[in-house]
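One structure is given below, encoded as structure tokens.
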Amino acid sequence: MIDQAAPPRIAHVATPRQPLPPLLRYPLAGLMYGVVKPLIWGMAQVGLAEPLMRRVGRTQAQEYGNESAFGKYQPNEHDVVICTFFKSGTNWAMQIAHQITWRGAAEYEHIHDFIPWPDAFSKKYTIDINDPTPQQLAPTGMRVIKTHLNLEFVPYNEQARYITIMRDPKDIFVSSYHFFHALGLSPMIPNLKTWLDVYLTPDFMVGGSWARYVAGYWEQRQRPNMLILSYKTMKQDLRGTVDQIAKFMGVELTPAEFEGVCEKSTFKYMKAIDKK
């Protein structure tokens, strides 16, 4: 018997990321710190570490940062596309917009069960962009899409809505450095100076050139369906940011719904569901 009171559930569930089992984790750590780290350090001493990191960045850009990520999909009036550079408030903006589409009542096992990420490193971690289920389930009939692609690689439609966030590049640099360390990839980073040298080039390992990325979206700031937010302002005024995004999306929230979106968009709440 079907429970009529049960909340609707997403039809497609993205494959969750699983931690490596201990039998693999410890040997891999030994390899990274016993072999890779000394090798990278040695390359840095002879000036080869930076060219290697730049080569990796170019390879990733060719594989993931191109117009093929969206395939033939064309965003429509139901889509809110979150376009952000790496470590610029992506998940925060996604959470706010997704909660607005659900009027503050969104629940999920993992956010990418609902939000497609066409340029993800692995498609198995995210719902397919052509899956209409999130839009069909949302009370507003809208859904959110995530992308780190430069503007020229994101298909444009006047009926869709696009949100981008500008963050101080110095903060992005620091955040990205700690992010890679948290992933256990610190042996691949010889030192802070090399990371900075690569970050200031078009061959940055994730996202390429920050200047090129920001310039592309800034040039289109006058479009009525393009909303540009400041990360600093978002931190200073969350409630104002939620109100601004909701109005941009054309969603009128009740006072209770607005409070629900604000509560689920705080750093405290998001930290508690970090693995989602």
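What the table shows:
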read-out: Residues of region 237-276 satisfying the condition of being exposed (fewer than 12 other Cβ atoms within 10 Å of the Cβ), closer than 25 Å to residue 85 by Cβ and over 21 Å from the mean Cα position of the chain (by Cα); value: 240
read-out: Wholly within region 163-276, helices (runs of 4 or more DSSP H) carrying at least 3 residues that are touching a helix residue (DSSP H, G or I) at 6+ places or on another chain (Cβ under 7 Å); value: 169-182, 192-199, 210-218, 238-249, 255-263
read-out: Residues within region 106-118 that are in a loop (DSSP other than H, G, I, E, B) and either touching a Lys or Arg at 6+ places or on another chain (Cβ under 9 Å) or among the basic types (Lys, Arg) (or both), tallied; value: 9
read-out: Positions within region 176-218 being among the small types (Gly, Ala, Ser), within 26 Å of residue 275 (Cα to Cα) and surrounded by 14 or more Cβ atoms within 10 Å (Cβ to Cβ), in sequence order; value: 176, 184, 186, 207
read-out: Members of region 119-158 found to be in a loop (DSSP other than H, G, I, E, B) and under 19 Å from residue 221 (Cα atoms), listed by number; value: 148, 149, 150, 154, 155, 156, 157, 158
read-out: Cross-chain or 6+ apart pairs with Cβ under 9 Å, region 150-162 first and exposed (fewer than 14 other Cβ atoms within 10 Å of the Cβ), then charged (D, E, K, R) and not in a loop (DSSP other than H, G, I, E, B); value: 159/79
read-out: Pick from region 247-276, criterion of a type in the set (Lys, Arg) and closer than 12 Å to residue 92 by Cβ, ranking: modelled with the lowest pLDDT; value: 271
read-out: Count - residues of region 134-154 that are over 17 Å from residue 71 (Cβ atoms) and of a type in the set (A, V, I, L, M, F, W, C); value: 5
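The values are calculated or read from the model by the stated rules, or taken from the named source; none is laboratory data. All values reported here derive from a predicted model rather than from experimental measurement. When we count neighbours, we look across all protein chains shown, and the Cβ atoms used for this are built from the backbone with ideal geometry, even at glycine.
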